[in-house]
Ligand code: NI
């Protein structure tokens, strides 16, 4: 397995709509495994392929808490088959929007259909944190970041700060 570099907003590659995969083969399994390793090291609880520069509809999630056994979920071509009428609010963050957090309102429960790591079609009923993470990662496949759910004012403030800190990181130290 290998760690992959994570793109940071406002990288334009994060805004692309990702293409479906044709199926799950060894190359895709390797990508899923590399994404899991990258996510665990970061550390994060979800990662979508566009965040590592791969414009494919693939994501990985593990919401197991520290000290609990790992519970990796790999999804290719995920689709929401149902969403609840009631909403939930979570404070979200994102490995591509480092050090910024904000409350986002989303449906409280979703059912998602996807291909798993073995290429088998599965359906998962998610609620609580998992429902939020599934929707957050699926948004990445359509080029949507959690900051796109915020007001223009708040989003632009965060993007400005990210651009500034990235510039600072690449400027030669004086
Ligand atoms: Ni994210």
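The values are calculated or read from the model by the stated rules, or taken from the named source; none is laboratory data. Everything numeric in this text was worked out from a predicted model, so none of it was measured. Neighbour counts run over all protein chains shown; Cβ positions are idealised from the backbone, glycine included.
Just a few scattered comments:
- Filtering the range 144-174 to residues that are within 12 Å of the ligand (Cβ to nearest atom) and within 16 Å of residue 12 (Cα to Cα) leaves 144, 145, 146, 147, 148.
- Count - residues of the range 81-104 that are surrounded by 14 or more Cβ atoms within 10 Å (Cβ to Cβ), under 18 Å from residue 130 (Cβ atoms) and in contact with a strand residue (DSSP E or B) (Cβ under 8 Å, 6 or more places away or on another chain): 7
- Restricting the search to strands (runs of 3 or more DSSP E) fully inside the range 26-131 and requiring at least 1 residues that are over 23 Å from residue 16 (Cβ atoms), away from the ligand (no atom under 13 Å from the Cβ) and at pLDDT 95 or above gives 73-83, 87-92, 102-107, 109-115, 121-127.
- Restricting attention to the range 141-174, the residues being more than 29 Å from residue 77 (Cβ to Cβ) and in a loop (DSSP other than H, G, I, E, B) number 5.
- Number of the condition not met by residue 75 [criteria: (1) touching a strand residue (DSSP E or B) at 6+ places or on another chain (Cβ under 8 Å); (2) closer than 30 Å to residue 163 by Cα; (3) in contact (Cβ under 8 Å) with a residue 40 or more places away in the chain]: (2)
- Those residues of the range 1-25 which are closer than 16 Å to residue 77 by Cβ, away from the ligand (no atom under 16 Å from the Cβ) and part of a loop (DSSP other than H, G, I, E, B), in sequence order: 20, 21, 22, 23, 24, 25
- For the condition in contact (Cβ under 8 Å) with a residue 40 or more places away in the chain and surrounded by 14 or more Cβ atoms within 10 Å (Cβ to Cβ), residue 134 qualifies.
- Exclusive hit being in contact (Cβ under 8 Å) with a residue 60 or more places away in the chain and touching a strand residue (DSSP E or B) at 6+ places or on another chain (Cβ under 6 Å), set 117, 109, 29: 117
- Any chance residue 147 is at pLDDT 95 or above and surrounded by 20 or more Cβ atoms within 10 Å (Cβ to Cβ): yes
- Residue under evaluation residue 68, criteria (1) in contact with a helix residue (DSSP H, G or I) (Cβ under 6 Å, 6 or more places away or on another chain); (2) closer than 26 Å to residue 99 by Cβ, criterion not met: (1)
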